[in-house]
1. Can you give me the C-alpha center-to-center distance between segment 92-148 and segment 153-210, rounded to a whole angstrom?
2. Taking the simple approach of a point 7 Å from Cα along Cα-to-Cβ for both residue 53 and residue 69, what is their distance in nm?
3. Starting from 0.36 nm per residue, how many nanometres of slack lie between residue 165 and residue 120 once their C-alpha separation is accounted for?
4. With a 1.4 Å probe and every protein chain left in place, tell me how much accessible area residue 221 has, in Å² to the nearest 10.
5. Mind checking the full-extension length gain between residue 154 and residue 220? Use 0.36 nm per residue of separation minus the Cα-Cα distance, one decimal, nm.
6. How large, in Å, is segment 78-207 by the Kirkwood hydrodynamic radius built from its alpha-carbon pairs?
7. Just the projected area, averaged over all directions, of the convex hull on the alpha carbon atoms of segment 50-139: how many nm²?
8. Just read off the accessible area of residue 91 with the full protein assembly in place, 1.4 Å probe, to the nearest 10 Å².
Amino acid sequence: MTQDALHAQLKIATKVRAFPLLLDPHDHMTKRYIFLSLILSFVSVTIARADTQTEERISDRLKRARERTPGTSLVFMHARLIEESSRVPMCQDIWVTVVSDKGESNTFEVETTPRLFGRILSGASYGAVAVLPPGTYTLQKVGCTQPSAGIELKGDFARFRIGSNEIVNIGSFFIDYNFVPTPLFGRRTFNARTKVEPLSNEARTNLAERLHVTFPKAITRYMTPNPGTSGNNAAPSTGQPARSAAPSPKRGD
């Protein structure tokens, strides 16, 4: 439940508490309203406290990173995968690896959607915030962790630039891939159509809830997709066979 929805219900509960003398304290409905009011108040305070803790944790990470590398910035991003223009993988986690022109590699989760019997459970998160030094980066891997398997796609998919002391939204990377038939024991390859798009509504909402102070400050400067992996006649890029797990990505807050 979003904070806006909680606030709306709290207004109703507050009206109930504002007129205690007009309600019978022994009435079942009155007790129910009072109980609901207390529960909603507790949940609202808990969410606000969690949001504050996330902001503090990110601020602390950024401070420590800037002590090591002055000019380190905050980067917001997301990613989506579709296979053969139709099938969306049942990913529990989506992660990406970006590599700077200096050869420094960073891997982090951009989506976490725990599932049970195909249904997304509570605690899902969309979009990630990464702490990165200034420089130019290439998105070289996109991965999807599934309950019993995984997908890892490799290629020079997109590039982006990060300045000093920035808070920047680089958008969402989208890849529509199609595995190419390969001979037995051959290396698996794929064709891909890629693009960069604005953050999804889910990612924007989730990031704004988790970082309601920091996220609105982000400037927008989207990644640039690599034409070599774009279009209908894209040249095959090397892809890894499905793996059982992703390579220990850093958690995107």
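The values are calculated or read from the model by the stated rules, or taken from the named source; none is laboratory data. Remember, predicted model here, so these are calculated numbers, not experimental data. Virtual Cβ from ideal backbone geometry, glycine too; neighbours counted across all protein chains shown. Quick note on the areas: whole protein, heavy atoms, side chains included, nothing else; ligands and nucleic acids left out. Shrake-Rupley method; radii C 1.70, N 1.55, O 1.52, S 1.80 Å.
1. First find each Cα centre; the distance between them is then 9 Å.
2. 2.8
3. Here the segment from residue 165 to residue 120 would lengthen by 12.6 nm.
4. Surface accessible to solvent at residue 221 totals approximately 60 Å².
5. Numbers: separation 66, 0.36 × 66 = 23.76 nm, distance 2.57 nm.
Contour length minus Cα-Cα distance gives 21.2 nm.
6. Hydrodynamic radius (Kirkwood, Cα pairs) of segment 78-207 is 15.8 Å.
7. On the way: hull surface 29.9 nm².
One quarter of the hull surface, i.e. the mean projection, equals 7.5 nm².
8. Roughly 10 Å² of residue 91 is accessible to a 1.4 Å probe.
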